[in-house]
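S.K.: First the structure, which I've put down as structure tokens, then a few questions once you've had a look.
The values are calculated or read from the model by the stated rules, or taken from the named source; none is laboratory data. Predicted model only: the values in this text are computed from it and were never measured. Here Cβ is always computed from backbone atoms with ideal geometry, including for glycine, and neighbour counts include all displayed protein chains.
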Amino acid sequence: MYDRFAAVAEAAAREAGNLIRERIGQAREVGEKTSKVDLVTEVDKQSESVIRTELLAAFPEHKILGEEGVAPGSQASAEALSKALSAEYLWIVDPIDGTTNFVHGYPGCTVSIALAHRGEVIVGVIYDPLRDEMFTARRNAGAYRNGQRISVSKEYDLQVSLLATGFPGDRGWARDVNMRGIAALSPLCRNIRAAGSAALHLAYVACGRLSGFWEIDLNAWDLAAGSLLVQEAGGEVTDTEGDPYTLEVRHIVATNGHIHDDLIRVLKQADGTGF
Ligand code: 2AM
Ligand code: CA
């Protein structure tokens, strides 16, 4: 059954990805959500609608939590998630992760689709339409990129690690927390990237292009698929204090496992966990 879930998710992600590829850099912004930096375009909405249609055609009894079906802001997201968590099968959909990149024509936009069974993610798909890379994980069955098995990187030390983070949409407390983390980690690692898509960063941790990733104040749809990819690729995913990943986690650390404790220790020392 997991195979069928994954196949339907991949097909939906590909269809949504075609829209992204056709419209990147050209879509009309249809609004700002909470501020000038919280963007939504007509393509976010079209992409979500395509994905909903595909998923419900295959699994009419399943529930869907999609970013564009939820009111803007951290609190509304957390409330929508807690309401949805009672569903037996819940699809968690980000129709474009990296909308800011999408609006500016900067490569780094993905489609992220996860399926949770009683609150546990069992399938995760992240599709990068610009590089035509399909990342797929099924619980206890490994992680794949375009059909090839992937695994996390082998760095044991922060010193030789390539990390990634993201700049939170929230310009207040979350941005300050993030800046403290960057200031503390950047002298200790090889370098830090911020490509603008949390899902892409998680997929890159899973396939070993990044050693680790952390970010403050993300939503369930940014993280659900990628968290399973990293776990199934042999990595570790927790919140920024080291507690196990659940769908409710908003402050994330995902690594190859070897550098996990060091990364969290530095964030804690720098008051960069968000807690
Ligand atoms: P999104 O494109 O789906 O909004 C980048 O740091 C990550 O944070 C992305 O995964 C992005 O997802 C998410 N994010 C949420 N709100 C944001 C905002 N207002 N501005 C930029 N990124 C935001
Ligand atoms: Ca989005």
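S.K.: Please state which of the following conditions THR100 fails to meet, knowing it meets all the rest: (1) within 11 Å of ligand 2 (Cβ to nearest atom); (2) of a type in the set (Val, Ile, Thr); (3) at pLDDT 95 or above.
M.R.: Here THR100 clears every test but (3).
S.K.: Taking region 145-197 as the region of interest, how many residues are within 16 Å of ligand 2 (Cβ to nearest atom) and of a type in the set (A, V, I, L, M)?
M.R.: The qualifying residues number 1.
S.K.: What do you reckon, is ALA137 within 16 Å of ligand 2 (Cβ to nearest atom), aliphatic (A, V, I, L, M) and either outside any loop (DSSP other than H, G, I, E, B) or modelled with pLDDT under 95 (or both)?
M.R.: So ALA137 fails the test.
S.K.: Also, quick follow-up: What is the number of the single condition among (1) touching a residue at least 12 places away in the same chain (Cβ under 8 Å); (2) closer than 18 Å to LEU200 by Cα that TYR144 does not meet?
M.R.: (1)
S.K.: Looking at region 164-175, is at least one residue surrounded by fewer than 19 Cβ atoms within 10 Å (Cβ to Cβ) and farther than 18 Å from ASN219 by Cα?
M.R.: So far as region 164-175 goes, no, none of its residues is surrounded by fewer than 19 Cβ atoms within 10 Å (Cβ to Cβ) and farther than 18 Å from ASN219 by Cα.
S.K.: Among the residues of region 51-63 satisfying the criterion of being away from ligand 2 (no atom under 12 Å from the Cβ) and of a type in the set (A, V, I, L, M), which is surrounded by the fewest Cβ atoms within 10 Å (Cβ to Cβ)?
M.R.: Restricting to residues being away from ligand 2 (no atom under 12 Å from the Cβ) and of a type in the set (A, V, I, L, M), the top hit is ALA57.
Matching residues to (1) farther than 24 Å from TRP173 by Cα; (2) within 14 Å of ligand 2 (Cβ to nearest atom); (3) not assigned by TED's automatic domain parsing to the domain that holds ASN140:
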| position | (1), (2), (3) |
| --- | --- |
| GLU10 | yes, no, no |
| VAL30 | yes, yes, no |
| LEU65 | yes, yes, no |
| SER77 | no, yes, no |
| ILE92 | yes, yes, no |
